[in-house]
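Structure first, then comments.
The values are calculated or read from the model by the stated rules, or taken from the named source; none is laboratory data. Just so we're clear, the structure is a prediction, and the values are computed from it rather than from any experiment. Because the Cβ atoms are built from the backbone with ideal geometry, glycine has one as well, and the counts that use them run over all protein chains shown.
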Amino acid sequence: MKIAIIGASIAGLTAATLLKQDHQLTIYEQNPDALKNQGAGIVIPVELFNALLEQNILNNNILAIGIIKRSIIANENNHEKLICEQNLVARALHWQTLYAQLKTNISNALIKPKKIVHIKEIQDEENYDLIIGADGHHSIIAKTICNTMAPLYAGYIAWRGTVPLVECISPEIFGSITESTVPYFVYPNGHCLMYLVVEPDTDQILINWVLYEKRTEASLQNVLSMNKDAHQYRTLARGQMDTEQKKYLHEMSSVLPKIAHEIIMHTSEPFIQPVYTRVAPHRINAQGNTILIGDAASTLPPHTASGATKGMTDALQITAAINNNGLEGIKEWAMMRQLDDQKLLGLSNRMKDFLVMNTPDWSTMTALKFAEIWSKVIAGESWYTSNTSEK
């Protein structure tokens, strides 16, 4: 089959790795070099991580941190108040580690540097049997399939950064690199989660942190610039935050326990990401020869940790669908995956509501009460966590 993949990030490269053996591929990426400096930490379910190893998409030497639990921690007189712990089985990687390994799987000869403005460009250029849109949040392919897809502001932003673990005043809170803990520091306007990753260039252990802050869309103009073409505010990259923004971040994070506040204070180049939601009404065009995978299909609130996971899962599934039943298999897959998208959207919205938008009174929260609320949030869905226990 003659296949075009639009986008050479995580989803596109995973799909290309799986499809290159049996199909004729061309990968379109408008600026491959720009991807080298993107991303921070990502979390992947163990089942997916093992599947990627088994299919030689990742190698056994990849720098990944083992996660075994998360702890829910409130602030009590500037110290940590442990509410409960949950089993959370996953692997954490630096985004660049994952990207670099996927990139080594693909010959540069397969990648064609080109900005695609409209899908008709490549349809006229080559007679492709299948076009895979893996071109991210602002997908041109999604616009072609779905006409208009305006993103919806989720009601909060993510302040992010990384700090060397050696600068942490209490590194034991993270456990070990093979059995690490993810602390969730909760507060009235959101929460701050932290987990360990390995910096790919130095092998240094970093703390990757994400602080979610509930914020009106009107107030975003004070911290971010608007991308009028995409109808949303832009991410503020590392090194772009001014003195006043850093001051605000430092003051805001003082509501967290001292250990979390100190980690944020030691971050030299924090950055900001506005959170948007966008789900394609369908993943496949009427002709059945153009599909969406990864962020091109949906952008969800980040609490489900489904960004990279979604893209790589899509790649595994579409490869199986193509190999089993060609384009008919793709149509069946698209219908099934659309149902999964809606379930994941529901789960992420329930998490968003509990952990950011309508947080409970954390000062009175107990392990039992947290478990009761969490069971309603999960609502029978499969996710990283299982039981809750009091310490």
Report summary line: In segment 81-95, anything of a type outside the set (A, V, I, L, M, F, W, C), buried (at least 16 other Cβ atoms within 10 Å of the Cβ) and touching a Lys or Arg at 6+ places or on another chain (Cβ under 8 Å) is listed as Glu85, Gln86
Query raised in the report: For segment 236-260, how many residues meet the condition of being buried (at least 19 other Cβ atoms within 10 Å of the Cβ) and free of Cβ contacts under 8 Å to residues at least 60 places away in the same chain?
Result: 2
Report task. Could you pull out the residue among Glu172, Glu126, Glu121 that is among the acidic types (Asp, Glu) and over 28 Å from Gly288 (Cβ atoms)? Result -> Glu172
Requested in this report: Of the conditions (1) modelled with pLDDT of 90 or more; (2) under 22 Å from Ile140 (Cβ atoms); (3) of a type in the set (Gly, Ala, Ser), Ala320 clears all except one; give me its number.
Outcome: (2)
Requested in this report: State whether the residues of segment 20-31 include one that is in contact (Cβ under 8 Å) with a residue 60 or more places away in the chain, within 29 Å of Val182 (Cβ to Cβ) and surrounded by fewer than 20 Cβ atoms within 10 Å (Cβ to Cβ).
Outcome: no
Requested in this report: Please find, among Trp333, Trp383, the residue that is of a type in the set (Phe, Trp, Tyr), part of a helix (DSSP H, G or I) and under 28 Å from Ile10 (Cα atoms).
Outcome: Trp333
Query raised in the report: Looking at Thr216, Thr181, Thr162, which one is in contact with a Gly (Cβ under 7 Å, 6 or more places away or on another chain) and among the β-branched types (Val, Ile, Thr)?
Result: Thr181
Report summary line: Of the residues in segment 326-364 that are of a type in the set (S, T, N, Q) and within 24 Å of the chain's Cα centre (by Cα), the one that is surrounded by the fewest Cβ atoms within 10 Å (Cβ to Cβ) is Asn358
Query raised in the report: Taking segment 226-271 as the region of interest, how many residues are under 23 Å from the mean Cα position of the chain (by Cα) and not in a loop (DSSP other than H, G, I, E, B)?
Result: 11
Report task. Just need a number here: residues in segment 132-147 that are surrounded by fewer than 24 Cβ atoms within 10 Å (Cβ to Cβ) and either touching a Pro at 6+ places or on another chain (Cβ under 6 Å) or part of a strand (DSSP E or B) (or both). Result -> 1
